[in-house]
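Input: a single structure, listed below in structure tokens.
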Amino acid sequence: PQVILFRLLETLGLPSETTLHDIRWGSVYEGDFYWDFEISGNVPFEHLKGGMAGAVGYRQPPMYFAKGGSTISGQCKKGTFIWSRAHYEGVEAHLHIGTGRAVELPTEEFQRRLSATTETWPLMNAKLDGVSKDDLMAGHQSNHISIAYVPADKLGFIVNAFVCMAITQGFQVKLAGNVRI
């Protein structure tokens with residue numbers, strides 16, 4: 001799915017950087033639930049608050065990467081995005097597609113969440129459109145979520161095109177939350 005989405009965005013001249021986040025956890029802040037998505041060690045500068053200037057480098061945690069390696073960390077920037085999660089059921093490839101928005105929580109709250117996960121990895125705080133915590137955890141059989149930032153005025157078109165491309169590649173596509181085509 002990441003390759004399909006990358007090629008679609010690149011062909012249309014839109015920012016084409018994609019990420020594969022781990023769905024870590026989430027919690028309520030001032031009455032709203034926000035997901036905490038992490039990437040195990042790298043992120044496109046275009047996804048970070050402040051771009052390259054917002055990036056911080058660390059040694060990968062030995063617990064995960066015993067032989068070393070580097071990580072680029074930071075707070076992901078706010079903005080609208082398209083997301084997808086792929087899994088197999090037998091020999092059939094399934095793809096769930098939805099939309100959401102990344103948010104920039106206040107520094108203290110962001111740091112609290114970052115400290116509760118793997119601090120050296122990039123963190124995105126997000127809300128998914130029409131998909132509750134229970135929906136995401138019970139209805140989607142993957143612990144990863146692919147994300148690409150898309151301008152809000154182009155989001156509907158990109159969702160439609162992505163669905164069409166995924167179907168032509170043999171995916172069984174399911175729309176998640178408030179997404180309509």
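Run the Debye formula on the Cα coordinates of the stretch 116-166, all scatterers equal and no solvent, and tell me log10 I(q)/I(0) at q = 0.23, 0.24 1/Å. Each listed q maps to, in turn, -1.19, -1.22.
Note on residue 115 and residue 58: the model spin-label points, each 7 Å out from Cα along the C-beta direction, lie 1.3 nm apart. Ellipticity at 222 nm from helices only: DSSP H runs of n ≥ 4 in the chain, each -39500 (n - 2.57), divided by the residue count, give -6500 deg cm²/dmol. If one puts a single equal scatterer on every Cα of the stretch 23-114 and applies the Debye formula without solvent, what log₁₀ I(q)/I(0) results at q = 0.15 Å⁻¹? After summing over all Cα pairs, the log10 values are -0.75.
Backbone amide hydrogens, once placed in the peptide plane, bring residue 26 within less than 5 Å of 36, excluding anything fewer than 5 places away on its chain. Dividing the convex hull volume of the alpha-carbon atoms in the chain by its residue count gives 130 Å³ per residue.
With K and R counted +1 and D and E -1, the other residues having a Cβ less than 10 Å from that of residue 73 yield a net charge of -2.
To put it simply, the accessible area of the stretch 1-150 at a 1.4 Å probe is 54 percent carbon and sulfur.
Annotation for the stretch 43-59 versus the stretch 5-22: alpha-carbon center distance of 17 Å.
3J(HN,Hα) along the stretch 72-78: 10, 10, x, 8, 5, 6, 7 Hz, from the Karplus curve 6.51 cos²θ - 1.76 cosθ + 1.60 with θ = phi - 60°, whole Hz, x for Gly and Pro. Under 24 Å of direct C-alpha separation, and excluding same-chain neighbours fewer than eight residues apart, residue 77 reaches these lysines: 49, 127, 133, 154. Taking 1.306 mPa s as the viscosity and 10 °C as the temperature, the Stokes-Einstein diffusion coefficient of the stretch 87-146 based on its alpha-carbon Kirkwood radius rounds to 116 µm²/s.
Other residues lying with their Cβ under 15 Å from the Cβ of residue 16 contribute a combined charge of -1, Lys and Arg counting +1, Asp and Glu -1. Counting only alpha carbon atoms, the long axis of helix 155-168 and the longest principal axis of the chain meet at about 70°.
Using 0.36 nm per residue of separation minus the Cα-Cα distance, give me the extension gain between residue 174 and residue 67 in nm, one decimal. Kindly include the intermediate steps, with their values, before the conclusion.
Working: separation 107, 0.36 × 107 = 38.52 nm, distance 3.94 nm.
Between residue 174 and residue 67, full extension yields 34.6 nm more.
With the contact rule set at Cα under 8 Å and sequence spacing of 6 or more, what percent relative contact order holds for the stretch 50-181? Relative contact order for the stretch 50-181 comes out at 31 percent. Across the stretch 51-67, coupling constants 3J(HN,Hα) worked out from phi with the 6.51/-1.76/1.60 Karplus curve, θ = phi - 60°, read x, 4, 5, x, 8, 10, x, 9, 7, 4, x, x, 4, 9, 10, 4, 8 Hz, and Gly and Pro carry x.
The values are calculated or read from the model by the stated rules, or taken from the named source; none is laboratory data. Worth saying up front: this structure is predicted, and the values here are computed from it rather than measured. Note that each Cβ is placed from the backbone with ideal geometry, even for glycine, and that neighbours are counted across all protein chains shown. Calculation scope for accessible area: heavy atoms of the full protein, side chains included, ligands and nucleic acids excluded. Shrake-Rupley method; radii C 1.70, N 1.55, O 1.52, S 1.80 Å.
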